[in-house]
Each structure stands twice: as structure tokens, then as C-alpha cells.
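One structure below.
None of the figures in this text is laboratory data; all of them are computed from the coordinates on show. Just so you know, these numbers come straight off a predicted model, no measurement behind them. Positions of Cβ are generated from backbone atoms using ideal geometry, with glycine treated the same way; all protein chains shown enter the neighbour counts.
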Amino acid sequence: MKNDDAFSEALAKLTKYGAWTLVCHERPDGDTLGSAFALYSLAKRSGRRAAIVSKDPLPQVFSFFPYSDELVRAENAPLPLAEGALLVAVDMSTAERSVDNFGELLGVCADSLCIDHHGDNKLFCKTNLVEPSASATAEIVVRLMEACGKGITPEEAAALYTALVTDNGNFRFSSTTAESHRCAGVLIEAGAKPAEIDDAVSQNMSLASTRLWGLALGRTELFGGGECALLRLSRAELDESGAGSAELDGLVNMPLRIKGVRLSLLVTEHDGFCKLSVRARPPYSARALAASFGGGGHPCAAGAKTASPLEEALDNVRKEALKCRSQESSL
């Protein structure tokens, strides 16, 4: 289905159904949450029955989103939430990256819609509005809300602006386009306040997280001729720090500030698995590296999990990193 057709079909479904059940991806970030809460708010003020579900808790940094206290946190979402409703997967590239019973939700819902910008989306809903050219799912949601003709409230604008800038690195990433800036302008006109949002999202590190970042950055490892940077944190270090997992957001971006670094990697050890976060610039592909560990994402930002112990995971990441360098790409 062409994107224009998918957009029209998505808009028609959002208009048709009187109940929306919005589902966020696991370990929710600003884009999945900001986009979902904006749609949730639109549903509420349009007189629709609405629910918003996440497998993992809401990071405190996003508590200013409209209706943030109404998030349903559940590894297995209650099926009645989806019965008779339009099930909307927000910023989800695959059904597995969500609540454990997403397949059951698909079975009981009236219809399904995925709104996403991941190039490796598995097209798992009946309608899949997937635009890899968008720097954030928020861009797609802005256009849908414009097309709905009900306006965008200041609270919705704040959530969507947060979603936009947290996914495109405050317009620094190569995914940023003229449409990204147009959407930002729409949201500012609707009431989003960039300075206040930046203070709320970026200028609130705890002392514990600052020290943890320092620990990781202090032993930055360069390899691949200085093009690759590797950070690591053990489970013991994470536990002893007292910092929450959400406080690691942004750490993996830091080594890209080192002259010559094109690929930044963060490996963190958890209970039974290691998490890999990747940020890349050409000629490296973050998505290609994440895919080698069963993960996914975008060319410039991706992630994965591996069951390997920390030291083994580090060795594997070093080996695979050099394979994701395209000889055909240029700066």
C-alpha cells in the first residue's frame, strides 16, 4: 500500500471508531509516549473511549504529558481494553516489542493500525502507516491530527514536540528534514514551549546518574581506527549507582562528540541479558549492527538485547561493529 493510501486509511479508521486502545513499545521513549499521549488526549476530548498501555513504567521525565497518570502498565494488557476498539500500535516496529499478549489484543480488537517510522517495520497490523523518512513517529501523528481538523492543544503540542526532538536529537540527526522543522513550527504555534521542554527533559540529571555517566565515559574504548567508541556498565555498577535505567538515555550519544568517531556503542548488563544501544553516522549503520543481535531500529539509532554475559557480549559487539561499515557510503 502506498503511503498516501495508508495515510487516508489510517485517518478513516481514527475517524470511524469510537474507542481507541493505544499501545506503546517496551522500554518506552519520548516518541512512543509523546505520540501516544497526544492521540489519547485527542480521543478523550473527542468523546471517545480510550486506553493507553505500556509494558514498562513511564519514565518520570515524561510525567508532564497529558493524562500521564492514566497509563495502564501491564506485561499482559487486559483484553477488555481492546474489545470493540481500534488497536493502535504507536512507534512499534514489531508486535514482539510490546506487551506480551499483543497477539491476543489483535484477536479481540475491532480493527488495527500501526503508526511508525522504522524502516524495518514488520507490517503486523491491518493498516500500517509506516514512513521511514520521518525523523519521528510524532511527525506522522502531527499530520494526522492536522487532518482530523480538531486542532492541537498546548498539552498535546508539548508531548509531540518532546517526541519529535528526543527522536531526532534536537534536529541534529541526519533523519531531520524540512518536514521535521515544519512540524516543530506547527507545535510551537499550538503552544509547545521548547525551552521549558528542554529543561524538563534534558536538564534534570541526578547526581547519581552524573557519576554513572562519568564512570562509563572515563573508560571509553576506541577501536576500528578511532571510528568506533564502546561504553560499558555492569549490573553491579548500575545497581550500586542508584540511578534508574531511564537516566542512561543520551549517554550513548556522547562519544559521537569525539573527533573521528562515527559509531557509538553502549553495552549494559542486566539480569540474564545485556542491552546494546547504538548510534551511528555514515558509513556505519546502527540498524545493521542491531540486526546482527536480533534487534532493530534506524540507520542512525538502534538497539538490541543478547543473552551473552557481559565480557562475551563486548567481544561480539566489537567484532560485529566493523562489519556494519559500508564501503560504499560517504560522509
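Cβ neighbours within 10 Å, averaged per peptide: list 213-226, 296-309, 56-69 in order, most packed at the top.
Answer by packing, highest mean first, reads 296-309, 56-69, 213-226.
Just to be sure I understand: of the beta bridges DSSP finds with both ends in the chain, what percent are antiparallel, rounded to 5?
Within the chain, antiparallel bridges account for around 45 percent of the total.
Computed over the Cα atoms, what is the radius of gyration of the chain divided by 2.2 N^0.38 Å, N being its residue count?
Against the compact-globule rule of thumb, the ratio is 0.98.
Quick one: which of K259/K305; K16/K305; K122/K275; K126/K150; K55/K323 span more than 31 angstrom between C-alpha atoms?
K16/K305; K55/K323
Determine the equivalent ellipsoid of the range 272-331 by diagonalising the alpha-carbon gyration tensor, then write out the semi-axes as square roots of 5 times the eigenvalues, largest first, rounded to whole Å.
One finds semi-axes of 21, 12, 7 Å for the range 272-331.
What percentage of all Cα-Cα pairs in the range 147-264 are separated by more than 22 Å?
When every Cα pair of the range 147-264 is considered, 50 percent fall beyond 22 Å.
Give me a comma-separated list of calculated 3J(HN,Hα) values for the range 67-83, in order, Karplus coefficients 6.51, -1.76, 1.60 applied at θ = phi - 60°, integers in Hz, x for any Gly or Pro.
6, 4, 6, 9, 5, 8, 9, 7, 5, 10, 5, x, 4, x, 5, 9, 5
Could you check which residue among A85, A77, A200 shows the biggest mean-square fluctuation in a GNM of the chain with a 10 Å Cα cutoff?
A200
Looking at the range 32-81, what % of the alpha carbon pairs are farther apart than 14 Å?
50 percent
Could you compute the FRET efficiency for E311 and K16, with r as their C-beta to C-beta distance and R0 at 35 Å, rounded to 0.05?
0.05
Cysteines of the chain lacking any other cysteine beta carbon under 4.7 Å?
Lacking a cysteine Cβ partner under 4.7 Å: C24, C109, C148, C183, C228, C274, C300, C324.
For the range 110-216, report the % of Cα-Cα distances exceeding 22 Å.
41 percent
Listed highest first by mean packing, meaning other Cβ atoms within 10 Å per residue, what order do 255-261, 125-131 come in?
125-131, 255-261
Report the semi-axes of the equivalent ellipsoid for the range 11-164 in whole Å, largest first, where each axis is √(5λ) for an eigenvalue λ of the Cα gyration tensor.
Ellipsoid semi-axes (Å, largest first): 19, 17, 16.
Using the Cβ atoms and a cut-off under 13 Å, what net charge is assigned to the surroundings of L238, where Lys and Arg are +1 and Asp and Glu are -1?
-2
Given N residues in the range 207-323, what is Rg(Cα) / (2.2 N^0.38 Å)?
In units of the globular-protein estimate, the range 207-323 measures up at 0.97.
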